[in-house]
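Undergrad: For reference, the structure I am asking about is given below.
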Amino acid sequence: MNALFFYLTLGLYFVATVAYLVYLVKPQQALGSAARWIISTGFLTHCAFTFDRYLEAGHTPITNLHESFSFFSLALVGIFIAFDRRYKLVVLGSFVTPLALVLMGVSTLFPANIAPLNPALKSKWLFFHTTMAFLGYAMFGIAFGAAIMYLIQSHMLKNRKLGAMFQRLPSLDTLDDINYRCLTFGFPLLTFAIIAGAIWAETAWGTYWSWDPKETWSLITWFVYAALLHGRLTTGWRGRKAAILSIVGFCILLFTFIGVNLLLPGLHSYK
Amino acid sequence: MNIIVVGLSHKTATVEIREKVAFSPTQMEKPLQQVVALPDITEAVIVSTCNRVEIYATTRDIAGGTARLKRFLADYHHLALEMLEPHLYSYHEEAAIRHVFRVASSLDSMVVGEPQILGQIKTSYGYAAEYKSSGIILNRFLHKAFSVAKRVRTETKIASSAVSVAFAAVELAKKIFGDLSDKTVMLIGAGEMCELAAKHFINTGVNGVMVTNRTYERAVKLAEEFDGKPVNFEDLFDQLHKADIILSSTGAPHFIIKPKEMEEVIRRRRHKPMFFIDIAVPRDIDPKVNGIENVFLYTVDDLNGVVESNLEQRKVEAAKAEAIVEQEIGQFFKWLSSLEVTPTIVALRNRFEEVRKAELDKTLSTWKELPPDGQKRLEALTAAIVNKLLHPPTSLLKQTGQGNRTDLYVDALRSLYGLETAGQDHGMLELEE
């Protein structure tokens, strides 16, 4: 049952991604709304998968890499759907759904079995800490997609290459606005996730902060986004600069998420 | 009944000729009534825009009707027909339908794909409908032309890109700023192109306009025209950061805006994007300015490049549009041909005969004790009934001869008795607008 939901979601995300990518080449309204329906259906089956697993495991299913990747993807698609409602921007899907699909695909590389949870970690903080972290990640994921679109669009405007892609991408202002919005939502989420983690660490491990690699890298990620937010608010960093920083920030974020688990042993390296 | 078109356009006549034959939109009643009063002409619509003057009409006699329309155009405007004749074109039947569909779809326009022409034809048709110079055929014909134009608009990208420098500038600005309603346009210097572009921005809806000029009086005058704010030329760099879109066309022999000043300006406006359009020759703005983050500089040549590539794209789209037009011609022409009297009478007669035969056969097959001459008498009886019933409509159709009402009757008969008519899927009542 659980696997069925999982592969159904994976299949739907695949079809939606193909639809969104084709839309980039042939922007037809019908294709856009079809893609929207498919990704929304995929999101529902994904929710079903996650909830089913929650019931089976008895705790928020983000305790191994299989679940984590899947949850990252779930959050990304959920936030994307929310942004799509706000901005009515089908092409955003062409840049975000591939990421969601890849995350889902990577998730299959890790064992799906539910291992018993360390009793010390059994706490409601598991839910808050991880959910907020992944919602924050998803926000930055959208910012990443919008930043790539921004760089393409601004490159074309600067160099007067006003081809078909230029027509399809939205205005620089819209893309910068998405970037800013993601930052204003994502940054508090990341902050709260770190605080919630610290509180939880105190109850579980007896110390708020232990300079575990995950904690260190989370802090680095936090600083990058803090710098971006600060730059935006005070000196008017925007446009290309903000886009590049969003991309750098997201790469560091991905390392915090994957690299630390796989490469740097520590308290957080659940596998 | 045949559709004919007589007229001239930017392709056959210069503006000097076109303005001589133009009809004033406020006085359409007289010419329309004069045209339909002409012998051989039953319905008429006159389209008069700055790029074309055309009469669409229906007639029995193609050659005669065409000649009369040409004569009318000359006489009405007190011109010698010999002078006008070389500029006139005329089409009939399929070619006429094709022509009007193409005109409505903006395929015959000076700038292919420009959207005004459809509205202009709609207005012209409105006059014809108001003064009752159009009837069943032209009504249907023009509605069909409108729906073809709509199909072309939605199914091709013929009108989706800017094909004038001023429009291209507005389109580009939208790609940078998204919404222009809170943006400020600044004009540096003056010039036809510069003012035209400014007008386009104002029509699109911008927040405000600033104008500066080497002579302050000039700036004040231009600012009044645009309902904007004059700026002293010496204060240019104190004010520049307030502008989002800058149109520059001064006669200065060297660059006015250089990267050094711009670095400062962009800092003052907290790196909000700026869009420069340099219309001046020699240029006003150092091209190195484009290298600054969030500054986008376009020259007239760049904008011309945009326009040219858009025109190329329109050509591709126009080919698709022509295919749509061809498709629709066939459909409409079938309907038009079905309005002929004789085939309609034949079809009506066949329909009645069919019913008579069927019912008769049904009765005969079950009637056992039929007297010997019974079948013959029944045949005669039913045939007489059918003939009696068909006599009034048939003779009426033949009598009214060839005119507006005949078409109406024919069309009604075909619908009432379900006689097959091509294009029935687009019945009058279903037509939009």
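Undergrad: List the trypsin sites (Lys or Arg not before Pro) in region A:85-159 that DSSP assigns to loop (not H, G, I, E or B) and whose Cβ has at most 11 other Cβ atoms within 10 Å. Which are they? All intermediate terms of the calculation are to be shown ahead of the outcome.
TA: Working: sites: A:R85, A:R86, A:K88, A:K122, A:K124, A:K158; in loops: A:K88, A:K122.
Within region A:85-159, the qualifying trypsin sites (Lys or Arg not before Pro) (loop, at most 11 other Cβ atoms within 10 Å) are A:K88.
Undergrad: Find the relative contact order for chain A and round it to a whole percent, using C-alpha pairs within less than 8 Å whose residues are 6+ positions apart.
TA: Once normalised by length, the contact order is 18 percent.
Undergrad: Less than 20 Å apart at the alpha-carbon level, and either on another chain or at least 8 residues along: which aspartates and glutamates does that give for B:K260?
TA: B:E234, B:D235, B:D238, B:D244, B:D278, B:D284, B:D286, B:E293
Undergrad: Another question about this same structure. Going through the DSSP H helices of chain B, which span 30 Å or more along their own axis at the Cα atoms while scoring at least -1.0 as a mean Kyte-Doolittle hydropathy? Display every interim value, and only then the final one.
TA: Working: long enough: B:300-337 (52 Å, -0.28); B:341-366 (38 Å, -0.35); B:374-400 (40 Å, -0.11).
Both cut-offs are met by B:300-337, B:341-366, B:374-400.
Undergrad: Calculate what fraction, in whole %, of the accessible area of region A:131-271 sits on carbon and sulfur atoms when a 1.4 Å probe is rolled over the protein chains.
TA: Values: 4050 of 5710 Å².
The C+S portion of the solvent-accessible surface of region A:131-271 is 71 percent.
Undergrad: Taking amide H positions as placed 1.01 Å from N in the peptide plane, with prolines and chain starts having none, which residues 5 or more places from B:T299, or on another chain, fall under 5 Å of its amide H?
TA: Excluding prolines and chain starts, which carry no amide H, the hits are B:D278.
Undergrad: In the protein assembly as shown, what % of DSSP beta bridges are antiparallel (nearest 5)? Working shown, then result.
TA: Working: 19 of 43 bridges.
Taking every DSSP beta bridge within the protein assembly as shown, about 45 percent pair in antiparallel fashion.
Undergrad: Cross-link list B:K199/B:K315; B:K258/B:K315; B:K70/B:K199: which exceed 30 angstrom alpha carbon to alpha carbon? Walk me through the numbers on the way to the answer.
TA: On the way: B:K199/B:K315 28 Å; B:K258/B:K315 39 Å; B:K70/B:K199 40 Å.
Over 30 Å apart, Cα to Cα: B:K258/B:K315; B:K70/B:K199.
Undergrad: Measuring with a 1.4 Å probe in the full set of protein chains, what accessible area per residue, in whole Å², belongs to region B:11-102? The partial results should precede the final answer.
TA: Working: 4100 Å² over 92 residues.
Averaged over the residues of region B:11-102, the accessible area is 45 Å².
Undergrad: Report the calculated FRET efficiency for B:L416 and B:E94 (r = Cβ-Cβ distance, R0 = 41 Å), to the nearest 0.05. The partial results should precede the final answer.
TA: On the way: r = 28 Å, r/R0 = 0.69.
The value I calculate is 0.90.
Undergrad: Can you give me the C-alpha center-to-center distance between region A:89-162 and region B:345-397, rounded to a whole angstrom?
TA: Measuring centre to centre over Cα atoms gives 80 Å.
Undergrad: Let me check I've understood the local charge: for B:E29, count other residues with C-beta under 12 angstrom from its C-beta, Lys and Arg +1, Asp and Glu -1. What total comes out? Write down the numbers at each step before the final one.
TA: Working: positive: B:K30, B:K132; negative: B:E130.
Charge balance near B:E29 sits at +1.
Undergrad: Mind giving me the nanometre distance, one decimal, between the label points for B:R351 and B:K288, set 7 Å out from Cα along Cα→Cβ?
TA: Once both label points are built, they end up 8.4 nm from each other.
Undergrad: Relative to the compact globular guide of 2.2 N^0.38 Å, what is the alpha carbon radius of gyration of region B:208-299, as a ratio? Kindly include the intermediate steps, with their values, before the conclusion.
TA: On the way: Rg = 12.6 Å, N = 92, 2.2 N^0.38 = 12.3 Å.
Computed over Cα atoms of region B:208-299, the ratio equals 1.03.
Undergrad: Rounded, prolate or oblate for chain A? Axes are the square roots of the Cα gyration tensor eigenvalues, ordered a ≥ b ≥ c, and the cut-off for rounded is a/c under 1.5.
TA: Values: a/c = 2.38, a/b = 1.31, b/c = 1.82.
Note, shape of chain A comes out oblate.
Undergrad: Follow-up. Assuming R0 = 30 Å, can you tell me the calculated FRET efficiency for the pair A:L121 and A:M165, based on Cβ-Cβ distance, to the nearest 0.05?
TA: Plugging the Cβ-Cβ distance into 1/(1 + (r/R0)^6) gives 0.05.
Undergrad: Please compute the net charge surrounding A:K158, taking Lys and Arg as +1 and Asp and Glu as -1 over other residues with Cβ under 10 Å from its Cβ.
TA: Details: positive: A:R160, A:K161, A:R240; negative: B:E293.
Here the count lands on +2.
Undergrad: Right, next: Report the accessible surface area buried between chains A and B, summing both sides, using a 1.4 Å probe on protein heavy atoms only, in Å² rounded to the nearest 100. Before the final figure, lay out each step's value.
TA: On the way: alone 12690 and 21610 Å², together 32500 Å².
The A and B chains share an interface burying roughly 1800 Å².
Undergrad: Any idea what the relative contact order of region A:163-232 is, in percent, if you count C-alpha pairs under 8 Å spaced at least 6 apart? Mind dumping the intermediate values first?
TA: On the way: 20 pairs, mean separation 20.9, N = 70.
The normalised contact order for region A:163-232 reaches 30 percent.
Undergrad: Turning to a different aspect of this structure: Would you mind checking which residues have amide H under 5 Å from B:E43's amide H? H placed 1.01 Å from N; only 5 or more apart, or other chain.
TA: Here the answer is B:T58, since their amide H atoms fall under 5 Å of that of B:E43.
Undergrad: Next question, about the same structure. Whole-Hz Karplus ³J(HN,Hα) for region A:90-105, in order, using 6.51 cos²θ - 1.76 cosθ + 1.60 and θ = phi - 60°, x for Gly and Pro?
TA: So the Karplus estimates, Gly and Pro as x, are 5, 4, 4, x, 5, 9, 9, 4, x, 5, 4, 5, 4, 4, 4, x Hz.
Undergrad: Next up: Efficiency by 1/(1 + (r/R0)^6): what FRET value for B:K174 and A:L219, r their Cβ-Cβ distance, R0 = 30 Å, to the nearest 0.05?
TA: Values: r = 41 Å, r/R0 = 1.37.
Approximately 0.15, to the nearest 0.05.
Undergrad: Now a separate question. What are the lysines whose alpha-carbon lies under 18 Å from the alpha-carbon of B:K398, with same-chain residues fewer than 8 places away excluded?
TA: B:K388
Undergrad: A further question follows. Using the alpha carbons of the protein assembly as shown, what is the convex hull volume per residue in cubic angstrom, as a whole number?
TA: Working: hull volume 153.4 nm³, N = 704.
Expressed per residue, the convex hull around the Cα atoms of the protein assembly as shown is 218 Å³.
Undergrad: Something else about it: Taking the Cα-to-Cβ direction at A:I152 and at A:A30 and moving 7 Å from each Cα, how far apart do the two end points lie in nm?
TA: 2.4 nm
Undergrad: Residue by residue, what Karplus-based ³J(HN,Hα) values in Hz, rounded to whole numbers, does region B:51-57 have, using 6.51, -1.76 and 1.60 with θ = phi - 60° and x for Gly and Pro?
TA: My calculation for region B:51-57 gives 9, 7, 10, 9, 10, 9, 8 Hz in order.
Undergrad: While we're on this one: If a paramagnetic tag sat 7 Å from the Cα of B:H77 along the Cα-Cβ line, which residues of region B:9-40 would have the backbone N under 11 Å from that point?
TA: From region B:9-40, the list is B:9-10, B:13-24.
Undergrad: Which peptide among B:382-390, B:205-213 comes first, and what is the full order, when sorted by highest mean count of other Cβ atoms within 10 Å? Mind showing how you got there, number by number?
TA: On the way: B:382-390: 13.0, B:205-213: 20.1.
Output ranking for B:382-390, B:205-213: B:205-213, B:382-390.
Undergrad: Over region B:165-306, what relative contact order in percent results from Cα pairs under 8 Å that are six or more residues apart? List each step's numbers first, then the result.
TA: Working: 264 pairs, mean separation 33.0, N = 142.
Relative contact order comes out at 23 percent.
Undergrad: Would you compute, from DSSP H runs of 4+ residues alone, the mean residue ellipticity of chain B at 222 nm, taking -39500 (n - 2.57) per run and dividing by the full residue count, rounded to the nearest 500?
TA: Working: 16 runs with 237 residues, N = 433.
Per the formula, -18000 deg cm²/dmol.
Undergrad: Please name whichever of A:I152, A:A164, A:F134 sits farthest to the positive end of the charge dipole of region A:67-184, dipole taken about the Cα centre and charges placed at Cβ: Lys and Arg +1, Asp and Glu -1.
TA: Value: A:A164.
Undergrad: Let me ask you something else. If I model a spin label at A:Y7 and B:K258 as a point 7 Å from the Cα along the Cα→Cβ vector, what separation in nanometres do I get?
TA: 7.0 nm
Undergrad: If amide H atoms are built 1.01 Å from N in the plane of the peptide, which residues on other chains or at least 5 residues away come under 5 Å of the amide H of B:F255?
TA: none
Undergrad: Rg over Rh of region B:2-155, using C-alpha atoms and the Kirkwood radius, what does it come to? Can you show the working numbers first?
TA: Working: Rg = 14.1 Å, Rh = 15.2 Å.
Taking Rh as the inverse mean 1/r over Cα pairs, Rg/Rh reads 0.93.
Undergrad: For region B:284-289, just list the computed ³J(HN,Hα) in residue order, Karplus coefficients 6.51, -1.76 and 1.60, θ = phi - 60°, integers in Hz, with x standing in for Gly and Pro.
TA: Calculated HN-Hα couplings, in order: 8, 10, 4, x, 5, 4 Hz.
Undergrad: Please list, by residue number, everything in region A:228-248 whose backbone N is under 20 Å from a paramagnetic label point 7 Å out along Cα→Cβ of B:R267.
TA: Only A:230-242 fall inside the zone, counting backbone N under 20 Å.
Undergrad: Which entries of A:K241/B:K229; A:K161/B:K272; A:K161/B:K144; B:K11/B:K144; A:K88/B:K11 show an alpha-carbon separation above 31 angstrom in the structure shown? Don't skip to the end; give the middle numbers.
TA: Values: A:K241/B:K229 33 Å; A:K161/B:K272 22 Å; A:K161/B:K144 39 Å; B:K11/B:K144 25 Å; A:K88/B:K11 43 Å.
The pairs that break the limit, which is 31 Å between Cα atoms, are A:K241/B:K229; A:K161/B:K144; A:K88/B:K11.
The values are calculated or read from the model by the stated rules, or taken from the named source; none is laboratory data. A quick note: this is a predicted structure, and the numbers were derived from the prediction, not measured. Neighbour counts are summed over all protein chains in view; Cβ atoms, including those assigned to glycine, are modelled from backbone coordinates with ideal geometry. Accessible surface areas use protein heavy atoms only, side chains included; no ligands, DNA or RNA. Shrake-Rupley method; radii C 1.70, N 1.55, O 1.52, S 1.80 Å.
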